[in-house]
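Novice: If you scroll down you'll find the structure; I have some questions about it.
The values are calculated or read from the model by the stated rules, or taken from the named source; none is laboratory data. Note that the structure is a prediction, hence the values are computed from the model and not measured. Note that each Cβ is placed from the backbone with ideal geometry, even for glycine, and that neighbours are counted across all protein chains shown. Quick note on the areas: whole protein, heavy atoms, side chains included, nothing else; ligands and nucleic acids left out. Shrake-Rupley method; radii C 1.70, N 1.55, O 1.52, S 1.80 Å.
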Amino acid sequence: MQIIVSKNYIELCNKVANFIVDEIKELSAPLLCFAGGDTPTGVYKNLVKLDQSGRGVFNQANFVGLDEWVGLNDEDSGSCRFTLNRDLYRPLNIKESKIHFFEGKGNDYSKQCEQLNNFIENNGPINLALLGIGVNGHIGFNEPGSSLESVARLVSLDEITQNVGQKYFETEQKLTQGITLGLKQILETGVIILIASGLKKKPIIKELLTNKSFNPSVPVSSLWKHSNCHLFVDEEAFS
Ligand code: F6R
């Protein structure tokens, strides 16, 4: 795991956006997976600026969803898809046909997961993924105890995820379940970028960097098994 420490969030977002563009500019039709949540929003602003300045690196890209809250979809402010639509897909003018995402208000989650698993099987592996880290060590909604062999599936969310997740919404939500890509699909991704910012992430980053091997109760530690993973942190999150 390569570790890149930035002075602050602004510098981190700049570095990550440039890194992403450099990684994908030579690929003809990259398959990309970007996290929702708060941490990547500054990266997306920078990616949009870079794209508008003529790089056009996203013209041929396809996007696969990382995760979604069950019960919420693109119409719900605070959902993963809502955030990505607002910050990335819409500003980049990505066509709907290029976005392969979970529908959190669906009723057949196993069918949806099977479809996404087949899509990745046939069009993957994912070339590049940008991931955030939960304070409990989750990546996507791969909660503590997730298997290295896991693929897209419906999961019960950890209590910490249910509580912390309230920060995305104006009114209290029932956040007991999620749909997520699995650790297997994440670990098969060509390039993984993991980002963390702020003091709240310091304990989990310390845990990740102290025990450099896979611990099933800390899903992010599975990334030690990946040979092309880059951790971008700011000074507050870094210990
Ligand atoms: C969201 C996701 C989550 C978040 C993580 C950190 O799509 O996959 O794993 O990346 O919970 O969230 P923030 O960035 O809000 O601290």
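Novice: For the chain, with all protein chains present and a 1.4 Å probe, just round the carbon and sulfur fraction of the accessible area to a whole percent.
Specialist: For the chain, the apolar C and S fraction of the accessible surface comes to 46 percent.
Novice: Next question, about the same structure. Please figure out what share of the DSSP beta bridges in the chain is antiparallel and state it in percent, rounded to the nearest 5.
Specialist: 30
Novice: Apply 1/(1 + (r/R0)^6) to the Cβ-Cβ distance of Lys45 and Ser227, taking R0 = 30 Å, and write down the FRET efficiency to the nearest 0.05.
Specialist: FRET efficiency, Lys45 to Ser227: 0.50.
Novice: Next question, about the same structure. Using a 1.4 Å probe and ignoring any ligands, DNA or RNA, find the accessible area of Lys95 and quote it in Å² to the nearest 10.
Specialist: Counting only protein heavy atoms, Lys95 exposes about 140 Å² to solvent.
Novice: Please give the contour-minus-distance gain from Ser239 to Thr171: 0.36 nm per residue of separation, less the Cα-Cα distance, rounded to one decimal in nm.
Specialist: My answer for the length gained is 21.1 nm.
Novice: When only the heavy atoms of the protein chains count and the probe is 1.4 Å, how do Tyr9, Tyr44 rank by accessible area, highest first?
Specialist: I get Tyr9, Tyr44, largest accessible area first.
Novice: Next up: What span do the alpha-carbon atoms of region 101-171 cover on each of the three principal axes, reported in whole Å from largest to smallest?
Specialist: Answer, in whole Å and largest first: 37, 26, 21 Å.
Novice: Against the 2.2 N^0.38 Å scaling, with N counting residues, where does the chain land? I'd like the Cα-based Rg ratio to two decimal places.
Specialist: 0.93
Novice: I would also like to ask the following. Could you work out how much longer the chain between Gln52 and Val5 gets when fully extended? Use 0.36 nm per residue separation minus the Cα distance between them, nm to one decimal.
Specialist: Going from the current span to full extension adds 14.2 nm.
Novice: Show me, bin by bin at 5 Å from 0, the whole-percent P(r) of region 45-175 based on Cα pairs.
Specialist: 2, 9, 17, 22, 22, 16, 9, 3, 0
Novice: Follow-up. Between Ser156 and Asp22, what is the spin-label point distance in nm, taking each point 7 Å from the Cα along the Cα→C-beta axis?
Specialist: Distance between label points: 4.4 nm.
Novice: I've got another one for you. Mind checking the per residue accessible area of the chain for me, 1.4 Å probe, whole number of Å²?
Specialist: On a per-residue basis, the chain sits at 45 Å².
Novice: A further question follows. How far is it, in nm, from the label point at Gln115 to the one at Glu207 when both lie 7 Å from their Cα along the line to the Cβ?
Specialist: With each label placed 7 Å out from Cα toward Cβ, I get 3.5 nm.
Novice: Right, something else. Please report the accessible area of Ser213 (heavy atoms, 1.4 Å probe, ligands and nucleic acids excluded) in Å², nearest 10.
Specialist: For Ser213, solvent-accessible area is about 70 Å².
Novice: Which value, in Å² and to the nearest 10, is the accessible area of Asp38 when all protein chains are kept and the probe is 1.4 Å?
Specialist: That residue has around 80 Å² of solvent-accessible surface.
Novice: Per DSSP H run of at least 4 residues, take -39500 (n - 2.57); add these up for the chain, divide by its residues and hand me the 222 nm value, nearest 500 deg cm²/dmol.
Specialist: Calculated at 222 nm, the ellipticity per residue is -8000 deg cm²/dmol.
Novice: Once you sort the root eigenvalues of the Cα gyration tensor of region 167-213 as a ≥ b ≥ c, which label holds: rounded (a/c under 1.5), prolate (a/b larger than b/c) or oblate (the other case)?
Specialist: It is oblate, given that a/c is not under 1.5 and a/b is not larger than b/c.
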